[in-house]
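The values are calculated or read from the model by the stated rules, or taken from the named source; none is laboratory data. These figures come from a predicted structure and were not determined experimentally. Backbone-built Cβ (ideal geometry, glycine too); neighbour counts: all protein chains shown.
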Amino acid sequence: MPASAYVRSLRDRIGGDYLLLPGVTAVVQDGDRFLLVRQSDSGRWSLIGGGVEPGEEPRAALLREVREELGVDVEIAEIVGAYGGAALESVYPNGDHVGYVTIAYRCSLTSSSFSLEDDEVLDTRWVTLAGLGELDRHGWIDRVLADATR
């Protein structure tokens, strides 16, 4: 995923060293199904989300990220939880080391159709918890989806 101007300015100063960033995650739910996206940078399945920009409210960041990635709006119902730690750390192909602390929000789509608006998302898929096991996915989403079904 492309880095924001803010993150690029930090990278200019610290290089690829570890950077901890705030994020948001959309748990888009329709009955017992959840919407996943296949990310272009890793090819793995995950939830929709991204970084919170300086001065941006997390809810506004979530609405922006969903609009950027799917071209639709969502209605935010509630916070599912906050997540971080080793499961949300990675090293990008360019060597940048990053960790995220993300707030996950339960959402519903306001439109039944959406389009992939940017190059971050290769595909979308609705899955149930039972169908998660067959997907190459980021492991941390299992915890988020389990929390969303409680």
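Might you let me know whether the range 102-115 holds any residue that is farther than 20 Å from Glu69 by Cα, touching a residue at least 12 places away in the same chain (Cβ under 8 Å) and loosely packed, with under 14 Cβ neighbours inside 10 Å? Checked the range 102-115: no residue is farther than 20 Å from Glu69 by Cα, touching a residue at least 12 places away in the same chain (Cβ under 8 Å) and loosely packed, with under 14 Cβ neighbours inside 10 Å. Pairs linking a residue in the range 9-27 that is free of Cβ contacts under 8 Å to residues at least 12 places away in the same chain to a residue that is surrounded by 13 or more Cβ atoms within 10 Å (Cβ to Cβ) and assigned to a strand (DSSP E or B), with Cβ atoms under 6 Å and 6 or more positions apart or on different chains, do not occur. Please tell me if Pro54 is over 19 Å from Asp123 (Cα atoms), touching a Phe, Trp or Tyr at 6+ places or on another chain (Cβ under 8 Å) and in a loop (DSSP other than H, G, I, E, B). So Pro54 passes the test. If you go through the range 56-76 and keep only what is at pLDDT 95 or above and small (Gly, Ala, Ser), you end up with Ala60, Ala61.
Among the residues of the range 101-116, some residue qualifies, meaning at least one is under 30 Å from Gly16 (Cβ atoms) and modelled with pLDDT under 90. The selection criterion, being surrounded by fewer than 15 Cβ atoms within 10 Å (Cβ to Cβ), on the phi > 0 side of the Ramachandran plot and modelled with pLDDT under 95, does not hold for Gly85.
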